[in-house]
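Step one of this worksheet: look at the structure below.
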Ligand SMILES: [Fe+2]
Ligand SMILES: [Fe+2]
C-alpha cells in the first residue's frame with residue numbers, strides 16, 4: 001500500500017514540477033537546466049540515504065522530499081495572486097498539498113502527519129532550536145534539503161537556477177560566488193543528524209580544496 005502511495009506521490013510531484021517548467025518556458029526563460037526538478041531529485045536521493053543511516057522510515061522521508069518544494073511550483077489551476085501567496089509560505093502550502101493528496105489516497109494517518117510536519121518545517125537555512133527536529137523523518141527531510149546546498153552540488157544547482165531564471169549574461173567566475181562558502185558554513189551549524197554533519201564536512205573539504213583550482217582554470221592561470 002505504502003509502495004503504491006510512494007509511486008503515486010512521485011508521479012504527482014514530477015507532474016507538478018513539469019507544470020512549473022512549462023510556466024517558466026511560457027515566460028521565455030531558457031529552462032535548459034530546470035533547477036527545481038534537479039534539486040528535488042537530489043533531495044529525494046539524500047532523504048533515502050539519510051533514512052537508511054538513521055533508521056527513519058525511508059518512504060516517509062522520500063515522499064516528504066518529493067513534496068517539500070511543491071509549494072514553490074506554479075499551479076496553473078490557481079490565479080497569479082494565489083500562486084504568489086504560495087511562494088511566500090511554500091512550506092505551509094506544500095504541506096497542505098501533500099496532506100490533501102495523501103488523505104485522498106487513504107494513506108496511513110502517521111504517514112500523512114509526518115509528511116505534513118516535515119514539509120511544513122523544512123524552510124530556512126538555520127534552526128533556532130539546538131535539539132534535533134522531531135519526528136526523525138522531519139529531521140531527515142530538513143537535513144536532506146540543507147545538504148543539497150553544500151558543496152559542488154550546490155554550485156551546480158545554482159548554475160541551473162541561474163540558467164533557469166536569469167536572462168542577463170552570467171560569468172562563470174562570478175557564479176562560483178565565493179560568498180557562497182560563508183552560507184554553506186552557516187548551514188553546516190544547523191544539521192539534525194550526525195551522518196548529515198559528516199557528509200557536509202566531506203563536501204566542504206573538497207569544495208574548499210578545489211574551488212581555487214577551478215577559478216584558476218577559468219582564468220587561465222593553470
Ligand atoms: Fe524549500
Ligand atoms: Fe528544497
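Could we say that residue 21 is within 15 Å of ligand 2 (Cβ to nearest atom) and either free of Cβ contacts under 8 Å to residues at least 24 places away in the same chain or surrounded by 16 or more Cβ atoms within 10 Å (Cβ to Cβ) (or both) here?
Values: within 15 Å of ligand 2 (Cβ to nearest atom): no; either free of Cβ contacts under 8 Å to residues at least 24 places away in the same chain or surrounded by 16 or more Cβ atoms within 10 Å (Cβ to Cβ) (or both): yes.
So residue 21 does not fit the description; no.
Matching residues to (1) outside any loop (DSSP other than H, G, I, E, B); (2) crowded, with 23+ Cβ neighbours inside 10 Å; (3) away from ligand 2 (no atom under 16 Å from the Cβ):
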position	(1), (2), (3)
116	yes, no, yes
125	no, no, no
130	no, no, yes
133	no, no, no
141	yes, yes, no
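Show the residue pairs meeting these rules: Cβ distance below 7 Å; 6+ apart or different chains; first residue within segment 70-90 and over 21 Å from residue 116 (Cβ atoms); second residue within 16 Å of ligand 2 (Cβ to nearest atom) and part of a helix (DSSP H, G or I).
Listed pairs, sorted by first residue: 74/20.
Here is a check on your reading of the model: is residue 65 surrounded by 19 or more Cβ atoms within 10 Å (Cβ to Cβ) and within 16 Å of ligand 1 (Cβ to nearest atom)?
Values: surrounded by 19 or more Cβ atoms within 10 Å (Cβ to Cβ): yes; within 16 Å of ligand 1 (Cβ to nearest atom): yes.
Answer is yes for this residue.
Can you say whether residue 112 is part of a helix (DSSP H, G or I), in contact with a helix residue (DSSP H, G or I) (Cβ under 9 Å, 6 or more places away or on another chain), at negative phi and away from ligand 2 (no atom under 16 Å from the Cβ), as far as the supplied structure shows? So that I can check it myself, show each step before the final result.
On the way: part of a helix (DSSP H, G or I): yes; in contact with a helix residue (DSSP H, G or I) (Cβ under 9 Å, 6 or more places away or on another chain): yes; at negative phi: yes; away from ligand 2 (no atom under 16 Å from the Cβ): yes.
Yes; evaluated as a whole, the condition is true for this residue.
Residue check, residue 174 against (1) part of a helix (DSSP H, G or I); (2) at pLDDT 95 or above; (3) more than 16 Å from ligand 1 (Cβ to nearest atom), all met but one. Which one?
(2)
For segment 202-222, which residues satisfy the criterion of being modelled with pLDDT of 95 or more and either under 19 Å from the mean Cα position of the chain (by Cα) or surrounded by 17 or more Cβ atoms within 10 Å (Cβ to Cβ) (or both)?
203, 204
The values are calculated or read from the model by the stated rules, or taken from the named source; none is laboratory data. Every value quoted in this text rests on a predicted model; they were computed, and no experiment measured them. So basically every Cβ, Gly included, is an ideal-geometry build from the backbone, and we count neighbours across all protein chains shown.
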